[in-house]
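Only one structure is covered here, and it is reproduced in the block below.
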Amino acid sequence: MRIIYYIVGLLIFISYQNTLTASNPSEFYQINIEDISGSGYELKGNYTYYHNRLLSESSSSKTSPAVVITDQLLSNQGYDHFSFGTLTCTLKVPAKQGLALQIPDMYSAYRLYINDELVATKGQVGTNKESSKASRNKKLIPIYSTSDTLRLAIELSNFSHVKYGFNKPIKIGYYEQLQQSKLITVAYDLFLTGSLAIGGFFFLGLYYFGRKSNLGLYFALFCITYSYRIISWENFVLNELIPSYPWWISIRVEYISLYLSAVFFIKYSTKLFKDESLPFIANSFKNLSLLFTVSTILLPVDWFTRFSMIFIIILLSMILYIIYIYIIAAIHKRAYSTYSLLSLTGITTVFILKSLAYFDLIEEPIVLTGIGQLLFFFFQAIILSKVFAMEWIMAKEHAEQLSKAKSEFMSMISHEIKTPLNAILGTAYHLIEDKPKKTHEKDLQYLKNSTENLSVLVDNILDYSKLSAGEIALNHEKVDFVKYMNKILSPYRERALNKNLLFIVNFDPLIPRWMLVDKIKLSNVFCHLLDNALKFTESGEVRINVVVRNKKGDQVQLLFGIQDTGIGIEENMLSQIFNVFVQANQSESRKHHGTGLGLSMTKHLLKLMGSELKVNSQPGKGSDFHFELNLKMIDDPGLAEKYTDNLTDLTNQEVLLVEDNEINAMIAKRLLKKWGIKVTHAWNGLECLNKCKDKRFDIILMDLQMPEMDGYEASAKLRERNCETPIIALTASTKEKAGDQLHEAGMNDLVSKPYTPEMLHHIICKYIQAKHTVAY
């Protein structure tokens, strides 16, 4: 196809050149304001070309008369690609300030003059191979000339590449608009590259840590090699990020990435549908791609670039063959064939659009090509996800390895997820309390509620992962039991009232006041059960009963019951509802939302506490969930445990906030100052130690993961100095995860991110009042 374009173009050129020889060369551009607005004006045609002549030098080896050309890619005009020369043109511009030239990539080197002044260079222009040095990038060059007439002279030299000249037209436009357009293009390339690279390394990690599936390996390597091509080709973002990147390495690796992408994708596709593929054809494509790879490594640049059009034809044939494989697989109703066809729709669209743009028939719509590529990788990722899931289900011996990898992954990203959640939640609370406009109040409340729901969902997922891996242990605390229970139930009373439901709570009067309870886990149990009860009850009541079943020594056995008059559960589902991601009524679950984790987590939590969750239910009449717990009774712990947040005055209390995240530090300082607290900020543990040398604080709020010195080490060193100030950890970890380390480092307590203002206020009041009680 391209040969036909070349022949037609050559005939047009010969005809056009014969016409021009009878007249003087014309190289004048009259440019209007509307021409240069937006994405700029392309300077196509109307160039005068001086072959084998550099106008800035007094003499050249040999010269040719000036001719007018219509294509800046001089090798397409019949000139030898091992050449040098000068392009000139004159511009009549409407504005004198704020203009710029966008210079596309030239396949070797150039010098740009505006009104006889050198303004830009790329590579090294010379008259032979020894004096010429190739380079590649796209430049945006401001125009500082005050004249409305611009004479451009572009000296070119190429002794390295099969092509000679510009790959695309020069643009003139307003600097800010061209810069913005360039930034959008760079952002697009970086986003696409990052997405594919992350996906590739993710699947590579699954291959390394999980089952050694070549299918996942080929797709991972394809993602990685193709992501490199995106960032190194067309817009040459990588060359801008690394200006010193050698040209001869850059262009070789760019071509190699294309060839290897083809190798890995043909291997991946034939592995996915091996019964539909023909090994001989697939191996032929693979071997040809590898042959091109080897030639790129061994041959000079001007040789291996000659073969690029041949490979495009091979690549097109390979894509057609893969389409054939996927269609046959769909006819045979193979697993994943539907997703494969959907993915090919995306990549075929991209190939067509880029081909049309390559031949200058259209301007590439980067949004469409970006979406097409993302859809391709998205559906291929779905295929791989399903393949891995099936392999893990079928291969029981690898299930434990999967669980461990998932747990490690969740633990690793816990901090990264909860840190921004903390910033969002804190900002939402601040804006709500800062007397917002009435038109914003509802949106802010939605933002707060959604963030809290997301935080709960993240906690549920992370907690379930830890429960499944057996990483959670009990952490008993002294509680005033009825008061503690009422605090848990308080928000659910309001929810029931909003739904016009009766919310009835019955506490046995024989319940001991003080007991040892794992507050967080028992609270989670009630939250899951009450969420379900209120979610699936539209009329009637929700009832909570806590009854003493038995007392012996310091042990008391309590029976907990949560009853509702909701939709109930079908008998055939009663044995399945405690399984993860299983929901009794799918239509109702979709109506009210939910992940299907709640009852499964509740079952695991109660099992950890030595109990079992039981259920009685009738469809249309309601459900009754109940369980028993054996708790230890204790004596009245004394005044130190009886503090009240509302009675604690925090005015002028001195708090040292140790936090390396700027946004989270801002949120915390804002809350603390609101309560009248004097805040000193340290960016890391080392700075914390220095500040504690000169000043005594009432409380230290300590982040754990920080540069220079983390919170654990800083706390341990403070205790070595006999510092008795309460240290409260601000962390994305829970007590179960960080408990031992916190204790060893000498920390007193922790607030888990994302935290609400009430949580932070409560913990500060607790230690401030305890300090005053001891002092008294």
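The values are calculated or read from the model by the stated rules, or taken from the named source; none is laboratory data. Keep in mind that this is a model prediction, so the values were computed, not measured. Cβ placement follows ideal geometry from the backbone for every residue including glycine, while neighbour counts extend to all protein chains displayed. Ligands, DNA and RNA are stripped out before the accessible areas are found, and what is left, the full protein with its side chains, is counted by its heavy atoms. Shrake-Rupley method; radii C 1.70, N 1.55, O 1.52, S 1.80 Å.
Here are the numbers:
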item	result
Solvent-accessible area, 1.4 Å probe, carbon plus sulfur percent, for the range 489-556	51 percent
Efficiency of FRET from Cβ geometry, residue 209 and residue 443, R₀ 56 Å, rounded to 0.05	0.85
Where the range 110-182 is the region considered: accessible area per residue in Å², 1.4 Å probe	44 Å²
Residue 125 accessible area, assembled protein chains, probe 1.4 Å, Å²	20 Å²
Segment residue 649-residue 705, length gained on full extension (0.36 nm per residue, minus Cα span)	17.1 nm
Accessible surface, the range 682-723, averaged per residue in Å² (probe 1.4 Å)	51 Å²
Apportionment of accessible area to carbon and sulfur, the range 137-282, percent (1.4 Å)	66 percent
Exposure rank, largest accessible area first [168, 139, 753; 1.4 Å]	168, 139, 753
Förster radius 30 Å - calculated FRET efficiency between residue 177 and residue 327 (Cβ-Cβ, nearest 0.05)	0.10
Solvent-accessible area of residue 766 with every protein chain in place, 1.4 Å probe, in Å² to the nearest 10	50 Å²
Ranked order, 507, 219 - accessible area, probe 1.4 Å, largest first	507, 219
Karplus-derived 3J(HN,Hα), 6.51/-1.76/1.60, for each residue of the range 181-190, Hz, glycine and proline x	4, 5, 4, 4, 5, 5, 4, 4, 4, 5
Spacing of the two label points (7 Å from each Cα toward its C-beta) at residue 33 and residue 480, in nm	7.5 nm
Residue pairs, from the table 519/621; 483/521; 435/487; 418/487; 44/122, whose Cα atoms sit over 23 Å apart	519/621; 435/487; 418/487
Value of relative contact order over the range 662-720, rounded to a whole percent, pairs C-alpha under 8 Å and six or more apart	31 percent
Accessible surface ranking that places the most exposed of 34, 130 first, with a 1.4 angstrom probe	130, 34
With all protein chains modelled, accessible area of residue 632 [1.4 Å, Å²]	90 Å²
Rough spin-label spacing in nm, given labels placed 7 Å along Cα→Cβ, for residue 352 and residue 510	7.9 nm
Pairwise centroid distance, computed over Cα atoms, of the range 204-230 with the range 656-730, Å	43 Å
Linear extension gain, residue 57 paired with residue 633, 0.36 nm per residue minus alpha-carbon span	197.5 nm
Sequence-distant residues sharing a close amide H with residue 165 (under 5 Å, placed H)	74, 107, 108
Whether the range 482-555 is rounded, prolate or oblate, judged on the alpha carbon gyration tensor where a/c under 1.5 counts as rounded	prolate
Carbon plus sulfur fraction of accessible area for the range 288-374, probe 1.4 Å, in percent	77 percent
Point-to-point label distance, residue 306-residue 121, nm (Cα→Cβ direction, 7 Å offset)	3.2 nm
Per residue, in Å², the accessible surface of the range 464-563 once ligands and nucleic acids are set aside, probe 1.4 Å	48 Å²
